[in-house]
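Let me begin by presenting the structure, written as structure tokens, before commenting on it.
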Amino acid sequence: MSLRPVIGIVGSGGAFGRWLRGFFESRMGLQVIGHDPVDVDSQTPEQLLEQADVLLFSAPIRHTPALIRDYIRQSAGRERGKLWLDVTSIKAEPVAAMLESQASVAGLHPMTAPPKAPTLKGRVMVVCEARLDAHWQAWLDELCIALQAECVRGTAEHHDRVMALVQAMVHATHLAQAGVLREYAPMLGSLSELMPYRSAAFELDAAVISRILSLNPAIYEDIQFGNPHAGEVLDQLLLQLQQLRGLVGQGDDAARALFRSRYLADNKAAVDEQTLRDGNYSFERVGYLLADLTDQSAMSVHLPEDRAGSLRELLHVFERHGISLASIHSSRTPGGEVHFRMGFVQAYAADVISAASDEINSSGIGRVLER
């Protein structure tokens with residue numbers, strides 16, 4: 001078996017398929033072939049089965065199990081000794097379908113939409129190892145290292161139960177919030193009109209709502225309808241809300257006492273102290289980040305050269321122009337470029353900022369994106 005396998009992507013024209021092609025080619029130096037109905041120039045399923053050592057399914061959730069079985073029928077045993085993977089948000093059915101083949105099998109679930117970054121650094125990927133020989137076990141470990149993801153291993157069945165909480169419940173809660181906001185918009189204003197009144201918690205929820213509504217709706221549909229455990233979790237969520245609504249409707253001291261006991265004290269007792277401290281600290285950090293990012297006294301700069309010392313050169317420009325910085329944050333533009341956003345301790349005169357901006361652009365240190 002080759003130590004540098006050919007990768008075949010089923011669904012190579014989709015968002016994650018395109019990202020995976022770029023990752024395998026640029027980060028692992030592997031040959032990638034793919035098939036997708038939307039790409040008339042892509043390879044055929046037969047070519048993938050004949051040439052690919054690793055076959056990776058990156059297709060819509062609801063169609064993936066049937067698609068896998070189509071490939072099994074066409075492969076007719078040729079998959080023996082190869083590795084089959086999938087990257088869907090539901091694991092039990094796709095993994096079960098792949099196990100009907102004679103290939104080594106693992107299910108992968110990157111807990112993110114295709115990132116603008118070249119790897120999954122800072123993101124979680126669930127790995128469900130179903131049937132792996134030693135060769136593919138070692139290669140899969142190499143893949144996890146190259147992806148730079150925080151890999152969490154578990155069974156496909158456990159994954160789907162957890163995803164009913166982590167994805168189905170969370171998405172349903174925010175979609176329900178979006179529906180309430182829509183109903184109240186004629187009376188109180190749209191989401192953008194509510195934002196001046198925001199708390200940090202509301203801003204975070206609004207960001208999640210916007211994220212969900214901005215991405216592929218089919219994914220969110222399949223997470224609700226394709227996970228067999230989603231219904232029971234939504235029943236529990238609805239029950240909790242109904243009970244809370246009943247207490248609010250009752251409104252007396254007894255209801256308040258029950259609210260404090262059931263929704264505050266009991267829930268707090270169910271979470272260990274360290275997790276509470278970590279979560280509360282994370283919320284505070286995000287709150288400060290949001291405050292920094294809304295500060296109008298700031299400049300964003302892309303540093304084209306990824307080398308030691310480039311950020312120091314940029315900071316020297318601000319020093320020469322007498323500009324003191326209050327914060328520095330790095331993130332990515334919609335196009336995927338890494339940029340640094342410098343917040344200033346005060347609102348400097350326009351000519352001071354312009355002079356610093358002109359020096360950054362003309363010197364080649366970086367490119368000013370906004371100020």
### Task
Work from the charge dipole of region 224-371 (Cβ charges, +1 for Lys and Arg, -1 for Asp and Glu, about the Cα centre) and give the residue of L238, I328, Q224 farthest towards its positive end.
L238
### Query
Based on Cβ point charges of +1 for Lys and Arg and -1 for Asp and Glu, what charge dipole magnitude is obtained for region 1-96 about its Cα centre, in debye rounded to the nearest 20?
280 debye
### Amide H contacts under 5 Å for I9, placed H, 5+ residues apart
I33, G34, H35, L56
### Task
Rounding to the nearest 20 debye, state how big the charge dipole of region 288-371 is about its Cα centre with +1 on each Lys and Arg Cβ and -1 on each Asp and Glu Cβ.
120 debye
### Summary
For A269 and A176, extending 7 Å from Cα along the Cα-Cβ vector and measuring point to point gives, in nm, a value of 2.5 nm
### Task
Taking only protein heavy atoms into account and a 1.4 Å probe, give the accessible area per residue of the chain in Å².
55 Å²
### Task
Pull up all non-local amide H partners of A326: gap of 5 or more, or a different chain, and H-to-H distance under 5 Å with H placed in the peptide plane.
G343, F344, V345
### Within region 327-371: backbone nitrogen closer than 11 Å to the L315 label point (7 Å, Cα to C-beta)
328
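Using the Kirkwood radius over Cα pairs, work out the Stokes-Einstein diffusion coefficient for region 81-169 at 10 °C and 1.306 mPa s, in µm²/s as a whole number. Could the numbers behind the result be given before it?
Working: Rh = 13.4 Å.
Rounded, D is 119 µm²/s.
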### Vicinal HN-Hα couplings computed from phi for region 102-114 (Karplus, 6.51 cos²θ - 1.76 cosθ + 1.60; Hz; Gly/Pro x)
9, 8, 5, 9, 8, x, 10, 9, x, 7, 6, 5, x
### Task
Using a Gaussian network model of the chain whose springs link C-alpha atoms within less than 10 Å, name the residue from A350, A206, A97 with the highest mean-square fluctuation.
A350
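Please report, as a whole percent, how much of the solvent-accessible surface of the chain comes from carbon and sulfur atoms (probe radius 1.4 Å).
Working: 11310 of 20520 Å².
C and S fraction of accessible area: 55 percent.
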### Task
Quick one: grab the alpha carbon gyration tensor of the chain, order the square roots of its eigenvalues as a ≥ b ≥ c, and give me rounded if a/c is under 1.5, else prolate or oblate depending on whether a/b is larger than b/c.
oblate
### Query
In the chain, with Lys and Arg counted as +1 and Asp and Glu as -1 at Cβ, which of these residues, A106, L56, A134, has the Cα nearest the positive end of the dipole, that is, farthest along it?
A134
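Nearest 0.05, what FRET efficiency do L165 and D351 give at R0 = 45 Å with Cβ-Cβ as r? Could the numbers behind the result be given before it?
Numbers: r = 54 Å, r/R0 = 1.21.
It comes to 0.25.
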### Query
Taking amide H positions as placed 1.01 Å from N in the peptide plane, with prolines and chain starts having none, which residues 5 or more places from W84, or on another chain, fall under 5 Å of its amide H?
L55, S104, V105, A106
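Quick one: Kirkwood hydrodynamic radius for region 196-326, alpha-carbon pairs, angstrom, one decimal? Show your work: numbers first, answer last.
Numbers: mean 1/r = 0.0494 Å⁻¹.
So the Kirkwood estimate lands at 20.2 Å.
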### Set of aspartates and glutamates with alpha-carbon distance to K121 below 12 Å, sequence-local pairs under 8 removed
E150
#### Entry: Alpha-carbon centroids, region 36-83 and region 248-283: separation in whole Å
49 Å
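The values are calculated or read from the model by the stated rules, or taken from the named source; none is laboratory data. No experiment lies behind these values; they were computed from the predicted model shown. Neighbour counts are summed over all protein chains in view; Cβ atoms, including those assigned to glycine, are modelled from backbone coordinates with ideal geometry. Only protein heavy atoms, including side chains, enter the accessible area calculation; ligands, DNA and RNA are left aside. Shrake-Rupley method; radii C 1.70, N 1.55, O 1.52, S 1.80 Å.
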